[in-house]
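The values are calculated or read from the model by the stated rules, or taken from the named source; none is laboratory data. Keep in mind the model is a prediction, meaning the values are calculated, not measured. Methodologically, a virtual Cβ is constructed for each residue, glycine included, from the backbone with ideal geometry; neighbour enumeration extends over all protein chains shown. Accessible surface areas use protein heavy atoms only, side chains included; no ligands, DNA or RNA. Shrake-Rupley method; radii C 1.70, N 1.55, O 1.52, S 1.80 Å.
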Amino acid sequence: MTSLTTATAPGGDGVPVVNEVTGVPGGVGAAARADRADALDAWLRRIFPARPGVALVAVGGLGRRQCAPYGDLDLVLLHAGVPGVDELAAALWYPIWDAGLRLDHSVRTVAEALSVAQDDVKVALGLLDARHVAGDPALTEQLARTATDHWRRTAIRQLPGLREITATRWEAHGELAFLLEGDLKEAAGGLRDVGILRAIATAGVTDALRPAVHAAHRRLLDTRDALHQQVGRRVDRLVAQERDGVAKLLGVDGGDALLRLIAGDARTVRHALDDAWRAADRLRSGRQRAASGRPVRRPVARDVVEQDGELVLARTAIGARPDPCLSLRVAAAAATTRLPIARATCEWLAAYCPPLPAPWPPAARAALITLLGAGPGLVPAWETCDRYGLIDGWLPEWTRMRSLPQHNPVHRFTLDRHLVQTAYEASRHTRDVERPDLLLLGAFLHDIGKGLPGDHSTVGAPLAEAVATRIGLPPAEAALIGTLVRLHLLLPEVATRRDLSDPKTIAGVAGLVGDPGTLELLHALVRADAAATGPAAWSGWKGRLIADLVARVRTTLDTGVVPAPPAPDPALVAGPLPVVHLGEDRVSVAAADRRGLLATVAGCLALHRLEVISADAATVDGRALVECRVQPRYGLAPDPIALSADLRRAVAGDVSVTQRLRGRALAARSRGAAPRVVWHREAATDAVLLELRAADAAGLLYRVTCALDEAGAQVRAARIATLGGDVVDTFYLVGTDLPDERRAVVEAALLAAV
């Protein structure tokens, strides 16, 4: 198929080639889009079968003269009831199709077009872009004028329906600012939303198309042009493999820099649209007036009043010398009342509010804590302040973190939004801790080290401590904020990668945490961080593991005594062998002691599509005990009767089950990145820790435990942590010393199996 505009020569350097049929040029930028519109207009005029009472009208991208390199043609053949119009249309459409162009077309009279627009708000918006291309200009002028007048008269009634359609689209496509592979057109904050802003501005509801929106729109159009040119076809989703190429075409320094630009532009568009919706709501409901005729103003906080559903400054605040704390107080009031800040107020604060001194006065610190702890009102209030540059005045570090992408697939937000979201989630746990203010600050600053070289927890601790000092916390509390940042990953990493029954594990965590108050802050921070990260970052089993760890460490901190390991299930150490118990998320097996039992159990569970989260193996009175915590791999629970039968046969040494396991495991081998083995000595009481980092795959634990068994390594316990598409599996190998040559043999066997 011949493309609409550009085609890159095979093996070439990406220089666009002119379409042989239409003569439409390629290229990126406003000038290139105008050239494409001119070339398409000229070509359409040449092929248009002119006849009185007929006009060719462009809508969509061509109507706006914003043609993408591989965009569609949106055309209306407008007529005044002339006979033979269908044949005329065919004579026009077929040459367009023959040129290989995608075409969205209609044939209508002016009355028919307006009737459709009256019933379909999307058609009404499309007609606002109507532009004459060929034929009778009076028809086009009549349609454009009447459609615009009709929209201006009916927009207030139609905007609620448009808002519902927009919300549905956002739910389907997500928010462009936070997506690693967002749709530049359909996602929230994308090009489609600029069209809605243009329609709202046309209706006279508000001046929605301000300079910042125009600039964001141009950059989003340029990005889509570059994406089309890079891929060589129509595509609106900026996928990861095309990111660097698009950035190069745009002259941007790498894919991450491009993502940050897109995020900033998308947030500008989204914020402008939210503001426009509110303006429409106020216009529809009418302004509240007092008996004197003046707008009703209601005080909500010091120097802050509500007017027409928005927060504005009290007249005394504007007339007096501005208080450095004023912007924070306004933001806190907006968050607690869940009312938006008026645009004029944001602009005034950005222009006239003086910078905060260092350290901050207590009133500023109190306002920040109120803002962070406001719950659902925090995110919109913070976003509004960020759009007007107020955050940079509070926290100079914010510029580095704004819209910084997080490439781990479990993260749903950019770094800055993740920090704000974590503070919001932490507000749910403020009653669980003695110092809720420190929890909110720790949650807000916990990832401040991301984007800098080194481990972000270690790098971020002194940065967070410096911020805490600047906002006026005393040295001991600022140091505690640094501790929270440095240790914010401690509990989940230990809970999912270490044996919690090992006294050395509990003593090590207790030594790092130091006191019960810090422990409860870390526990609340972990839960807030996981909730802000995304659904994949938390699960019931992970919560139970962390709660178990916290309970054991708290006992140690309170009493100075490390809790004894739990006794094995009495049902497993008595009765005839084998014993198989299936619980809600546990599988327990007792069998005659022999090598390879853990591998056999792991493989059988994989055969039934169960993921092993943790595994413990022990020998009691000649019995081998294996206890596993499990979860369904694809969300579907296995048949318990079939699972129990296979487990009994497998641990009894049934060869047929073993063959099925090996066949399935070999078929499921992963082709991910090269695996890595890390050894940890002196991390356990009676074992050497082997940590495997590899790509996740079905049956991986079975292959690994088989390899360890064949290499002569006895596994006492295993902890399985899945991080997106990767795993960090930790194995406790019996014995406190393992010579280097034995380690080399075990490591080689393990890597060969993976």
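See the values below:
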{"quantity": "Distance from segment 698-754 to segment 493-508 (C-alpha centre basis), Å", "calculated": "18"}
{"quantity": "Part-to-part distance (alpha-carbon centres) for segment 551-588 and segment 389-441, which is given in Å", "calculated": "38"}
{"quantity": "Inter-site label distance for Asp72 and Arg145 at 7 Å from Cα along Cβ, in nm", "calculated": "3.0"}
{"quantity": "Modelled label reach - Asp515, point 7 Å along Cα→Cβ, segment 423-438 residues with backbone N closer than 13 Å", "calculated": "434-435"}
{"quantity": "Beta bridge orientation in the chain: antiparallel %, DSSP, nearest 5", "calculated": "90"}
{"quantity": "Accessible area per residue, Å², segment 155-233 with all protein chains present, probe 1.4 Å", "calculated": "39"}
{"quantity": "Loop trypsin sites (Lys or Arg not before Pro), segment 508-603, which have at most 14 other Cβ atoms in a 10 Å radius of their Cβ (DSSP)", "calculated": "Arg594, Arg595"}
{"quantity": "Å² per residue, accessible surface of segment 263-367 at 1.4 Å", "calculated": "48"}
{"quantity": "Over segment 513-638, relative contact order from alpha-carbon pairs under 8 Å, at least 6 apart, %", "calculated": "17"}
{"quantity": "Tally of Lys pairs whose C-alpha atoms are under 30 Å apart, taken over the chain, 8 or more apart or cross-chain", "calculated": "6"}
{"quantity": "In range of the label at Ala212: residues from segment 351-395 whose backbone nitrogen is under 17 Å from the point 7 Å along Cα→Cβ", "calculated": "351-353, 379-395"}
{"quantity": "Cα shape, the chain, gyration tensor, a/c 1.5 rule", "calculated": "oblate"}
{"quantity": "Surface share of carbon and sulfur [accessible, 1.4 angstrom probe, percent] for the chain", "calculated": "54"}
{"quantity": "Whether segment 412-532 is rounded, prolate or oblate, judged on the alpha carbon gyration tensor where a/c under 1.5 counts as rounded", "calculated": "rounded"}
{"quantity": "Calculated FRET value between Asp253 and Glu181, using beta carbons and R₀ = 25 Å, to 0.05", "calculated": "0.80"}
{"quantity": "Inter-label distance, nm, simple model (7 Å from Cα along the C-beta direction), Asp621/Tyr634", "calculated": "4.2"}
{"quantity": "Simple Cβ-charge dipole of the chain, Lys/Arg +1 and Asp/Glu -1, about Cα centre, in debye nearest 20", "calculated": "1400"}
{"quantity": "In nm, spacing of pseudo-spin labels at Asp585 and Thr154 (7 Å Cα→C-beta vector)", "calculated": "5.4"}
{"quantity": "The chain, relative contact order in percent, only Cα pairs under 8 angstrom and at least six apart counted", "calculated": "7"}
{"quantity": "Cα long-axis angle, helix 191-202 against the chain (0 to 90 degrees, to the nearest 10)", "calculated": "40"}
{"quantity": "Computed accessible area, Cys604, all protein chains, 1.4 angstrom probe, square angstrom", "calculated": "0"}
{"quantity": "Between segment 144-166 and segment 98-142, the Cα center-to-center distance that results, in Å", "calculated": "16"}
{"quantity": "Using alpha-carbon coordinates, inclination of helix 516-533 to the longest axis of the chain, degrees", "calculated": "40"}
{"quantity": "Gyration tensor (alpha-carbon) shape descriptor, segment 321-377, a/c threshold 1.5", "calculated": "oblate"}
{"quantity": "Probe 1.4 Å - accessible area at Leu480, Å² to nearest ten", "calculated": "40"}
{"quantity": "Label point 7 Å beyond Cα of Arg102 along Cβ direction - residues of segment 174-198 with amide nitrogen under 20 Å", "calculated": "174, 176, 181-196"}
{"quantity": "Gained length - Ala344 relative to Glu493, 0.36 nm times residue gap less alpha-carbon distance", "calculated": "48.9 nm"}
{"quantity": "Two-site FRET efficiency, Thr555 against Ala111, from Cβ-Cβ distance with R₀ of 60 Å, rounded to 0.05", "calculated": "0.15"}
